[in-house]
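The values are calculated or read from the model by the stated rules, or taken from the named source; none is laboratory data. Just so you know, these numbers come straight off a predicted model, no measurement behind them. Glycine also receives a Cβ, built like all others from the backbone with ideal geometry; neighbour counts cover every protein chain displayed. Calculation scope for accessible area: heavy atoms of the full protein, side chains included, ligands and nucleic acids excluded. Shrake-Rupley method; radii C 1.70, N 1.55, O 1.52, S 1.80 Å.
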Amino acid sequence: KTDGIHLSAALRYFVNNGEFVDLGLYFYKYPDGAKLSNSYLLKYCESSHVREQKKLTICLFDCDDPKIVNKCRDKNLLYKNWGNNIYSCLLPKPSHRNFEEVCIEHFYSDAILLRQDTKGRRIYLSDEFKEDGHHKTEDLTLRKRTDAKSSYPKIIDSGVFKPNGDNISLSKNDFANHIARADENFQGVSFENFRPIFQLLKEIIDLG
């Protein structure tokens, strides 16, 4: 649900710089409490044959689930036409990442990802932790220790604890809103790495 917040902020950045001014994108706002996942979006695409979709709809997927990824693309493309104006689209790998399993937060630099809010909370990456769940340089413990064994730097937005039991991880939702509002400590954020996403969306839109 936070992807739209990031993409809206990124598009505003590019439009202010004279890029992608004609895309005319609308990012669907999911209601509070709505459950959303790659599996949910895939079912939406698979049911395209029973839908009357007047406007072009693009379902954007993370690339961290191989089973989902293989169903959401055609051959060497990063997207698939399901008919009835419905496309699935995979996030393209940003040039500063050397792994394929990207989600929207990976489009920021690590320096931005690791910024703290005014309460000292931040996003964590799984490769900051040892396999036993302890942070490599700070006195912190990861609740879900299996995340520390991830083969790529997975985004950790919950369950990072101080010795006193305080949870100091920053949720993806709060991180997105800090970015969008340019809150204290989140000002001057670069969205340059988001450009390939909009180039890909433009390619799909131009097909229509």
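Just a few scattered comments:
- The lone exception for Leu60 - which of (1) open to solvent by 80 Å² or more (accessible area, probe 1.4 Å); (2) part of a strand (DSSP E or B) it fails: (1)
- Residue check for Phe99: part of a helix (DSSP H, G or I) and either of a type in the set (Phe, Trp, Tyr) or out of contact with any Ser or Thr (no Cβ under 9 Å at 6 or more places or on another chain) (or both): no
- Per-region count, region 166-208, residues more than 30 Å from Asn81 (Cβ to Cβ) and in a helix (DSSP H, G or I): 8
- Within region 25-41, considering residues that are under 22 Å from Pro196 (Cβ atoms) and touching a residue at least 12 places away in the same chain (Cβ under 8 Å), the one most open to solvent (accessible area, probe 1.4 Å): Tyr28
- Extreme residue, modelled with the lowest pLDDT, among residues of region 1-32 that are among the charged types (D, E, K, R) and not in a helix (DSSP H, G or I): Asp32
- Residues of region 161-184 satisfying the condition of being open to solvent by 50 Å² or more (accessible area, probe 1.4 Å) and in contact with a strand residue (DSSP E or B) (Cβ under 9 Å, 6 or more places away or on another chain): Phe161, Lys162, Pro163, Asn167, Lys172
- Every listed requirement among (1) closer than 20 Å to Gln199 by Cα; (2) not in a strand (DSSP E or B) is met by Pro163 save one, (1).
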